[in-house]
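First comes the structure, then the notes that go with it.
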Amino acid sequence: MGFEDFWYVVALSPQLKPKTVLSRTILGEWLAIFRDEQGDVVALRDRCMHRNSRLSRGKVCDGTLHCPYHGWVYDKSGQVVAVPAEGEQFKTLASRRTHSYPTQEKDGYIYVRLAENPSLNLDPFPMPYYGKPGWETVRVINRFRNNVANCAENFIDIPHTASVHPGVFRKPQQKQ
């Protein structure tokens, strides 16, 4: 099992509006995130197959992503479905497909998983009390100059957090 097997938050659901493309990087992989024609989240490798242009700088039309450089059009599976320069002679080719990644939208967050064949069948971490009365949500958005293993170890060190960052998890008057 590697870090690619896990789900990573790439955005809050309201950040990904229709016709919006978000650029994200997870474990060094560039991603272009957008919504298809049904409003479902799509994550593609953020490189056009033609000239390696960043797809995240393109536009979304009818649930497809258009490369900003020469207009190649990608569907939600990463398949190139149109090449403007080829006009009527365009033919779909299996070799013209960029990588797509599994996505989930849950509890107001958008998740992406990099593993093609994950070693474990995991869902994003459940948040059973999300939005429930008496419970708070704390979001930490930061860029860390460290590797994922060290960051994860630091975040799960609750005694450290409680003593160095009091109030992050509980305030004295709260019991939950």
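The values are calculated or read from the model by the stated rules, or taken from the named source; none is laboratory data. The structure presented is a predicted model; accordingly, all values stated were derived computationally and were not measured. Please note: Cβ atoms are built from the backbone with ideal geometry, for glycine as well, and neighbour counts cover all protein chains shown. For accessibility, only protein heavy atoms count, side chains too; no ligands or nucleic acids. Shrake-Rupley method; radii C 1.70, N 1.55, O 1.52, S 1.80 Å.
Here is how the numbers come out for the structure above:
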read-out: Residue 151/residue 12 FRET efficiency (R0 25 Å; Cβ-Cβ; nearest 0.05); value: 0.80
read-out: Convex hull volume of the stretch 74-176 per residue (C-alpha atoms, cubic angstrom); value: 187 Å³
read-out: Pairs beyond 29 Å (Cα-Cα), from 76/106; 59/132; 19/132; value: 59/132; 19/132
read-out: The stretch 1-123 - accessible surface per residue (Å², probe 1.4 Å); value: 55 Å²
read-out: Cα gyration tensor category, rounded, prolate or oblate, for the stretch 25-70 with a/c compared to 1.5; value: oblate
read-out: Fraction of accessible area attributable to carbon and sulfur, the chain (%, probe 1.4 Å); value: 52 percent
read-out: Overall dimensions of the stretch 13-123 as given by Cα atoms, namely Rg and Dmax in Å; value: 13.9, 45
read-out: Length gained when the stretch residue 69-residue 99 is fully extended (0.36 nm per residue, less Cα-Cα span); value: 8.9 nm
read-out: Cysteines (scope the chain) whose Cβ has no counterpart Cys Cβ under 4.7 Å; value: 61, 151
read-out: Computed E for residue 135/residue 91 - FRET, C-beta separation, R0 45 angstrom, nearest 0.05; value: 0.25
read-out: Relative contact order (percent, whole number), the stretch 17-105, Cα cutoff 8 Å, 6+ residue spacing; value: 24 percent
read-out: Helical contribution to [θ] at 222 nm, DSSP H n ≥ 4, -39,500 (n - 2.57), averaged over the chain, rounded to 500; value: -2000 deg cm²/dmol
read-out: Exposure ranking of 56, 77 by accessible area [1.4 Å probe, largest first]; value: 77, 56
